[in-house]
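Input: a single structure, listed below in structure tokens.
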Amino acid sequence: MVIVMKPNATEKQISDVSNLLSSLDLGAHISKGEERVVIGVIGDKKKLHDKPIELMDGVEKVVPIVESYKLASRTFNPVSTVIDVDGVLIGDKNIVIMAGPCAVESREQLFESAEAVKKSGAKFLRGGAYKPRTSPYSFQGLEEEGLKMLYEAKRYTGLKIVTEVMDIHSIDVVSKYADVLQIGARNMQNFSLLREIGRSDMPVLLKRGIAATIEEWLNAAEYILSEGNENVVLCERGIRTFETYTRNTLDLSAVPVIKKLSHLPIIVDPSHGTGKSFLVNSMAKAAIAAGADGLIIEVHPDPQNALSDGAQSLTPMEFDMLTKEILSIANAIGRDFE
Ligand code: PEP
Ligand code: MN
């Protein structure tokens with residue numbers, strides 16, 4: 001449940017409510033909006049059954065949270081969350097672009113990609129070192145060698161690193177080199193992985209599962225939040241439907257739905273969302289127009305010879321053209337892209 005304070009509630013009235021909650025061993029999550037303060041109650045609300053909170057001074061009303069997820073819901077926290085990744089803000093006015101190859105293949109390939117995406121305005125370098133491939137015989141990634149290359153590219157360009165962590169055993173090693181831990185679509189409901197990452201304080205990019213509903217996706221985020229890690233960014237990357245022309249069906253309506261249901265930032269992956277490079281430009285622009293906080297895009301210096309996902313990868317030149325158009329869209333909707 002959430003306790004909505006009156007617009008003119010005093011600091012004392014707010015602390016009286018949160019003191020009552022802590023005396024009952026309940027947590028209080030205080031969101032300060034422009035007009036009023038909202039206090040989210042964490043824990044077993046049955047403890048409040050004989051406490052008429054509505055009658056306390058400064059309290060306007062008590063609202064139950066009907067969704068199965070709580071901490072991820074906008075009712076619980078009406079103020080949009082901005083995640084600070086070492087100075088780069090996700091969920092703020094500025095659009096954030098993450099770009100780079102699907103997989104780290106070599107030092108040369110990674111550095112060429114990193115320099116190009118940096119020049120065009122990306123703030124993050126993406127690249128998988130552990131790859132969740134459909135076939136066990138496909139290229140599986142360079143593992144720690146790849147992570148070291150990502151880290152070197154970070155030191156060279158100043159870009160932040162986002163890369164996938166596939167299992168509990170590799171959380172520590174990936175955290176050593178990365179700025180954001182990516183949880184891939186195939187792992188969205190790997191609950192033990194979600195819980196373990198929830199116990200770290202690393203920012204997380206949580207991709208939507210291949211066949212996950214929005215409610216299942218927000219519950220996956222809830223697993224991370226409920227362990228204490230509040231740094232979750234959602235990523236719409238397409239879902240499986242009866243359509244086979246595209247690799248997945250990019251659900252852009254998920255963007256305004258997430259904005260309505262949750263306070264968490266959301267970015268869009270038009271590369272996996274479509275599987276075809278010629279569709280990436282229009283879907284990326286549409287995503288920003290729909291209110292996404294950023295994009296994650298596959299860029300490869302030589303897509304035809306990429307070891308994975310070449311068909312959906314942009315060349316550096318295509319990416320550069322796209323970022324120029326993103327700037328116009330961002331400005332048209334009152335956002336920046338710097
Ligand atoms: C990726 O980002 O390269 C990837 C494997 O994405 P997803 O988990 O969305 O398929
Ligand atoms: Mn990929």
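The values are calculated or read from the model by the stated rules, or taken from the named source; none is laboratory data. Keep in mind the model is a prediction, meaning the values are calculated, not measured. Note that we place each Cβ from the backbone using ideal geometry, even for glycine, and neighbour counts take in every protein chain shown. For accessibility, only protein heavy atoms count, side chains too; no ligands or nucleic acids. Shrake-Rupley method; radii C 1.70, N 1.55, O 1.52, S 1.80 Å.
Numbers at a glance
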| read-out | value |
| --- | --- |
| Fraction of accessible area attributable to carbon and sulfur, the chain (%, probe 1.4 Å) | 52 percent |
| Projected label distance in nm at Ile42 and Ser135, using a 7 Å step from Cα toward the beta-carbon | 4.6 nm |
| For the chain, accessible area per residue (1.4 Å probe, heavy atoms of protein chains only), Å² | 44 Å² |
| Gap separating the Cα centres of region 1-36 and region 210-273, nearest whole Å | 31 Å |
| Gaussian network model of the chain, Cα within-10 Å springs - most flexible of Lys285, Lys61, Lys12 | Lys12 |
| Longest segment of the chain lacking chymotrypsin sites (Phe, Trp or Tyr not before Pro) that sit in a DSSP loop with at most 11 other Cβ atoms within 10 Å | 1-136 |
| Stokes-Einstein diffusion coefficient of the chain, Kirkwood radius over Cα pairs, 4 °C, 1.567 mPa s, in µm²/s | 62 µm²/s |
| Rg/Rg_ref, region 1-127, where Rg_ref = 2.2 N^0.38 Å and atoms are Cα | 1.56 |
| The chain: angle of helix 144-157 to the longest principal axis, Cα-based, in degrees nearest 10 | 80 degrees |
| Residue with peak Gaussian network fluctuation, the chain [Cα springs, cutoff 10 Å], from Ala286, Ala114, Ala99 | Ala286 |
| Distance histogram for region 73-126 (every C-alpha pair counted, 10 angstrom bins, percent rounded to whole numbers) | 23, 37, 25, 12, 4 |
| In sequence order, calculated HN-Hα J values of region 236-248 (Karplus, 6.51, -1.76, 1.60; Hz; x Gly/Pro) | 7, 10, x, 10, 7, 10, 6, 6, 10, 4, 9, 5, 9 |
| In range of the label at Asp25: residues from region 37-62 whose backbone nitrogen is under 19 Å from the point 7 Å along Cα→Cβ | 41-51 |
| Cβ-derived FRET efficiency at R0 35 Å, Glu227 paired with Asn331, nearest 0.05 | 0.35 |
| Diffusion coefficient, µm² s⁻¹, Stokes-Einstein with Kirkwood Rh over alpha-carbon pairs of region 2-63 at 10 °C and 1.306 mPa s | 139 µm²/s |
| Under-5 Å amide H pairs with Ser262, H placed in peptide plane, nonlocal only | Arg74 |
| Nonlocal amide H pairs with Ile297, under 5 Å, H built at 1.01 Å | Met98, Ala99, Gly100 |
| Relative contact order %, region 253-312, counting alpha carbon pairs below 8 Å whose residues are six or more apart | 38 percent |
| Length-normalised contact order of the chain in % [C-alpha pairs under 8 Å, at least 6 apart] | 16 percent |
| Which of Val59, Gly27, Ile97, positive extreme of dipole for the chain (C-beta unit charges) | Val59 |
| All-pairs Cα distance distribution in region 206-300, expressed in whole percent, bin size 10 Å | 17, 50, 28, 5, 0 |
| Relative contact order for region 2-63, counting Cα pairs under 8 Å that sit 6 or more residues apart, in percent | 49 percent |
| Candidates Val41, Val232, Val165, ranked by Gaussian network fluctuation over the chain, Cα under 10 Å, top entry | Val41 |
| Computed FRET value (nearest 0.05) for Glu54 with Met202, which takes r as the C-beta separation and R₀ as 41 Å | 0.55 |
| Hull-based mean projected area of region 137-206, where the convex hull spans the alpha carbons, in square nanometres | 5.0 nm² |
| Simple label model, 7 Å out from Cα along Cβ direction - Arg107 to Asp320, nm | 2.5 nm |
| Calculated on alpha-carbon atoms, Rg and Dmax of region 242-294 in Å | 11.2, 33 |
